[in-house]
1. With 10 Å bins from zero, work out the P(r) of the stretch 126-221 over every alpha carbon pair and list the percent per bin.
2. Exposed loop sites here are GluC sites (Glu not before Pro) in DSSP loop states with at most 15 other C-beta atoms within 10 Å. What is the longest stretch of the chain lacking them?
3. What list of ³J(HN,Hα) couplings, whole Hz, do you get for the stretch 173-181 from phi and the Karplus terms 6.51, -1.76, 1.60, once you set θ to phi - 60° and write x for glycine and proline?
4. Considering only the chain, what is the antiparallel percent among its DSSP beta bridges, to the nearest 5?
5. How many percent of Cα pairs in the chain exceed 34 Å?
6. Mind checking the per residue accessible area of the stretch 113-259 for me, 1.4 Å probe, whole number of Å²?
7. Just the Cα atoms of the stretch 82-186, one point each, no solvent: what log10 I(q)/I(0) does Debye give at q = 0.11, 0.15, 0.18 Å⁻¹?
8. For the residue pair Glu94 and Thr163, what label-to-label distance in nm results when each label sits 7 Å from Cα along the Cα-to-beta-carbon direction?
Amino acid sequence: MTRIIAVANQKGGVGKTTTSVNLAASLALSGCRVLLVDLDPQGNATMGSGVDKTRLELSVYDWLVHGARLDDLRRPCPAGFEIVPSNIELTAAEVELQRLEQREQRLKLALQQAANRYDYVLIDCPPSLNMLTLNALVASESVLIPMQCEYYALEGLSALLDTIEGVRRRANPQLRIEGILRTMYDPRSSLTRDVSRQLLKFFGDKVFRTVIPRNVRLAEAPSHGLPVVLYDRQSRGAVAYMALAGELKRRDAVPGGDT
């Protein structure tokens with residue numbers, strides 16, 4: 001059964017795309033069939049996965065707006081997962097989707113083509129609560145929320161939770177929080193520790209045990225078009241994302257979940 005997970009946070013710079021790419025790679029390297037959907041017009045997940053966003057004949061825009069076939073869109077990536085790539089053309093989708101029937105359901109309908117072909121579909125959402133993010137939340141079973149341990153991030157989390165609840169009431173009753181992932185984690189910071197304690201107090205086991213540290217190799221990897229698990233598998237960032245993949249699989253009872 002295919003698990004569809006939106007990776008979302010309306011606040012930018014929290015490691016959302018980094019998490020999407022590296023979790024996809026880590027799951028693939030641990031034996032899962034993975035599709036990554038780049039739903040951000042910046043196309044950073046596309047480039048970070050080793051696909052040139054400037055040379056696309058078809059992109060996620062054609063999938064959502066014009067009904068292109070998944071088989072014509074998906075591209076293989078060096079880490080073993082596949083991606084539906086994105087580029088700046090996707091900015092037009094925000095306007096064009098407003099004119100289409102079932103505009104909030106377009107991604108859900110498109111993903112029917114992926115049913116049972118993958119163990120995981122990860123959706124890298126844009127850093128805003130727009131029509132694209134709404135499509136991702138309607139299409140997904142759950143939401144993985146990367147966030148830094150800082151007070152402004154807590155405010156953004158509150159707004160995102162309100163949006164998730166609204167989508168659950170109106171369009172997707174099955175939607176749930178997959179987990180909250182603490183990124184750019186610095187245990188030496190008292191603020192980091194304080195916010196982390198608050199997250200654990202209020203969300204309990206919804207907070208992943210795995211934390212993603214601040215790591216130079218993790219920051220360098222996208223400029224080489226590689227997930228960190230291929231760029232430097234021994235780095236702290238790579239080890240953390242492989243641990244996250246294992247934790248996610250154990251939660252979902254996916255075969256090989258002790259990886």
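1. Over the stretch 126-221, the share of Cα pairs per 10 Å bin runs 15, 44, 31, 10, 0 percent.
2. 102-259
3. Karplus-based 3J(HN,Hα) across the stretch 173-181 equals x, 7, 5, 9, 7, 5, x, 9, 10 Hz.
4. Percentage antiparallel, nearest 5: 5.
5. More than 34 Å apart: 11 percent of the Cα pairs in the chain.
6. Ligands and nucleic acids excluded, the result is 45 Å² per residue.
7. Those come out to -0.38, -0.71, -1.01, one per q.
8. About 1.1 nm, to one decimal.
The values are calculated or read from the model by the stated rules, or taken from the named source; none is laboratory data. On a predicted model such as this, the values are computed, not experimentally measured, just so you know. Reconstructed Cβ throughout: ideal geometry from the backbone, glycine too, with neighbour counts over all protein chains shown. Each accessible area value is taken on the protein alone, full model and side chains, heavy atoms only, with ligands, DNA and RNA left out. Shrake-Rupley method; radii C 1.70, N 1.55, O 1.52, S 1.80 Å.
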